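Peer 1: The structure's right below; bear with me while I get my questions together.
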């Protein structure tokens, strides 16, 4: 009986772990048209990064974006124009990006997207700040 209980416990634990791994951006079910558009923007972000398409990444950024980055323990901010040079350097590292299932909070023409991001082997909580202008969403900034 103990052996059956142990095997059953291992099977259940494996299923729980696998269910947690399945959560991904592409499987996310949007609850509104705005969420659907935001999901598409983030999928383009992930695909552009993974294909080392700097132009594609930059097209998703708002012209007034202020983008947080870290130098050691210090947080710094760059404009979209300043980020161009950093982006090219960061893309040389060629780490694959994977976004998890997001939590999206839309308020008027602004949205905050909370998501677990995996870059290479590192995983971190990431927040995108978006704005909707002329019917399209774009990235204004982020925090991690």
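Read-outs: derived from the displayed coordinates by stated rules, not from any lab. Bear in mind that the values here come from a model prediction, so they are computed numbers and not experimental data. Here Cβ is always computed from backbone atoms with ideal geometry, including for glycine, and neighbour counts include all displayed protein chains.
Peer 1: Under a plain spin-label model, where a point goes 7 Å from the Cα along Cα-to-Cβ, how far apart in nm are residue 40 and residue 127?
Peer 2: 2.7
Peer 1: Let me ask something else. Once the Cβ-Cβ distance between residue 54 and residue 103 is put in as r, and R0 is 35 Å, what FRET efficiency do you end up with, to the nearest 0.05?
Peer 2: Using R0 = 35 Å, I get an efficiency of 0.80.
Peer 1: At what distance in nm do the modelled label points of residue 75 and residue 93 sit from each other, each positioned 7 Å from its Cα along Cα→Cβ?
Peer 2: Inter-label distance under the simple model: 1.8 nm.
Peer 1: Oh, and also: Would you mind calculating the gained length between residue 47 and residue 68 on full extension (0.36 nm times residue separation, minus the Cα-Cα distance), in nm to one decimal?
Peer 2: 5.5 nm
Peer 1: Take the alpha carbon gyration tensor of region 61-144, find the square roots of its eigenvalues, order them as a ≥ b ≥ c, and report rounded if a/c is under 1.5; if not, report prolate when a/b exceeds b/c, else oblate.
Peer 2: Because a/c hits 1.5 or more and a/b fails to exceed b/c, region 61-144 counts as oblate.
Peer 1: Of the DSSP beta bridges with both residues in region 29-144, give the percent that are antiparallel, rounding to the nearest 5.
Peer 2: 95
Peer 1: Considering Cα pairs under 8 angstrom that are at least six residues apart, work out the relative contact order of region 26-143 and quote it in whole percent.
Peer 2: 23
Peer 1: Turning to a different aspect of this structure: Between residue 31 and residue 85, what FRET efficiency comes out of the Förster formula 1/(1 + (r/R0)^6) with R0 = 35 Å and r the beta carbon distance, rounded to 0.05?
Peer 2: Rounded to the nearest 0.05, the efficiency is 0.40.
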